[in-house]
């Protein structure tokens, strides 16, 4: 009985039609060796195709690594936040330094004005405008004599 052969039985592993000869008489043909460069290019091509197609999202390796990807996302967001806040702090620090320098100049200027206003000559000029003058007479001592007082 001759049974019907399936497509698998009709073609060999290289895709060529079998002639009915036994496989032991065939020449062993090895598949063509591909270089590492060709394998790498093919892998990169398949990778880009799966990314554009979206099929990489269903691979077991991707699904297994989703928690790790969320961890990387959280670390990235934290890094961006900390970088932004440190830059903001540095800007505030520089502004505070500029304000401190300005206040120091204002303090020195105010101190110089106060020292100038406390000089005796400046005080005398201000008092002379309201009619108070420097006394040119030396001070003298008042003597109190109880006998000179009259009894009432």
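Computed from label points 7 Å out along Cα-Cβ, the spacing between residue 134 and residue 94 is 5.4 nm. Based on alpha-carbon atoms, the Kirkwood radius and the radius of gyration of the stretch 47-146 give Rg/Rh equal to 1.73. A simple spin-label model places the labels of residue 105 and residue 58 7.0 nm from each other, with each point 7 Å out along Cα-to-Cβ.
No value in this document is a laboratory result; all are computed from the given coordinates. What you see is a predicted model; the values in this text were computed from it and never measured. Every residue, glycine as well, gets a Cβ built from its backbone with ideal geometry; the counts of neighbours run over all protein chains shown.
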